[in-house]
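The values are calculated or read from the model by the stated rules, or taken from the named source; none is laboratory data. Fair warning: this is a prediction, and the values are worked out from it, not measured in the lab. Note that each Cβ is placed from the backbone with ideal geometry, even for glycine, and that neighbours are counted across all protein chains shown. Areas reflect the complete protein model, heavy atoms only, side chains present, ligands, DNA and RNA absent. Shrake-Rupley method; radii C 1.70, N 1.55, O 1.52, S 1.80 Å.
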Amino acid sequence: MQRWGVSGGRLPPGSKILFRGPTAWEKYPAYILAVTAAILIQAALIFWLLYEHRRRRVAEVEARQRMSELAHMNRRATVGELSSLLAHELNQPLGAILAHAETAELIVNSPSPDMAEIKEIVADIKRDDHRASEIIRRLRSILKNAPPETKDLDLNE
């Protein structure tokens, strides 16, 4: 039938086809079903592994977010507990700046002002101002939801 190009559907009813070669399904049905089952099982396993990987990634992201929120709340609680200490730390340099400014004013208003002493007082004012601004900068970095600042420290010093 292949030789003359006749399909099996055009044969008259009740005809028999003799000497036809078996198809792959007829020859190897068990092998084909086994390979198909193995491929389906592998596909299902791969799908399940991808699904679990995605769930794990989502859980890790959520855990990192929760840890970040917890660290931020811990920093805020610490700042709340240490507010009186910070107020004292800020009042010290501000009070020193005020005392130095009043002393410089008295020296400038005197009949013969000592310029060397005024220079010392201005240097002290600058140092105390830097100290106060550093305290404020550190306080702002603690209150921000930013990663903490790290720097190397020499323990021998």
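Considered as a group, the residues in region 112-157 that are among the small types (Gly, Ala, Ser) and modelled with pLDDT of 80 or more include one that is farthest from residue 68 (Cα to Cα), and that residue is 112.
Yes or no, residue by residue, for (1) of a type in the set (S, T, N, Q); (2) assigned to a helix (DSSP H, G or I):
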{"site": "46", "(1), (2)": "no, yes"}
{"site": "62", "(1), (2)": "no, yes"}
{"site": "76", "(1), (2)": "no, yes"}
{"site": "90", "(1), (2)": "no, yes"}
{"site": "95", "(1), (2)": "no, yes"}
{"site": "103", "(1), (2)": "yes, yes"}
{"site": "113", "(1), (2)": "no, no"}
{"site": "124", "(1), (2)": "no, yes"}
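Restricting attention to region 20-67, the residues that are farther than 30 Å from residue 3 by Cβ and in contact with a helix residue (DSSP H, G or I) (Cβ under 7 Å, 6 or more places away or on another chain) add up to 0.
Please determine whether any residue of region 130-151 is of a type in the set (Asp, Glu), part of a helix (DSSP H, G or I) and either in contact (Cβ under 8 Å) with a residue 60 or more places away in the chain or open to solvent by less than 60 Å² (accessible area, probe 1.4 Å) (or both).
At the first step, the residues of region 130-151 found to be of a type in the set (Asp, Glu) are 134, 149.
Next cut, part of a helix (DSSP H, G or I) only: 134.
Those left that are additionally either in contact (Cβ under 8 Å) with a residue 60 or more places away in the chain or open to solvent by less than 60 Å² (accessible area, probe 1.4 Å) (or both): 134.
So far as region 130-151 goes, yes, one or more of its residues are of a type in the set (Asp, Glu), part of a helix (DSSP H, G or I) and either in contact (Cβ under 8 Å) with a residue 60 or more places away in the chain or open to solvent by less than 60 Å² (accessible area, probe 1.4 Å) (or both).
Report whether or not residue 69 is under 30 Å from residue 126 (Cβ atoms) and open to solvent by 90 Å² or more (accessible area, probe 1.4 Å). Let's see the steps before the verdict.
Working: under 30 Å from residue 126 (Cβ atoms): no; open to solvent by 90 Å² or more (accessible area, probe 1.4 Å): yes.
No, not satisfied.
Restricting the first member to region 16-31 and to residues that are touching a residue at least 40 places away in the same chain (Cβ under 8 Å), and the second to residues that are surrounded by 10 or more Cβ atoms within 10 Å (Cβ to Cβ) and hydrophobic (A, V, I, L, M, F, W, C), no beta-carbon pair is closer than 6 Å while six or more apart or on different chains.
If only residues of region 9-32 that are loosely packed, with under 10 Cβ neighbours inside 10 Å and hydroxyl-bearing (Ser, Thr, Tyr) are counted, the one that is farthest from the chain's Cα centre (by Cα) is 15.
Residue count for region 93-107 satisfying the condition of being touching a residue at least 24 places away in the same chain (Cβ under 8 Å) and either open to solvent by 60 Å² or more (accessible area, probe 1.4 Å) or of a type in the set (Phe, Trp, Tyr) (or both): 1.
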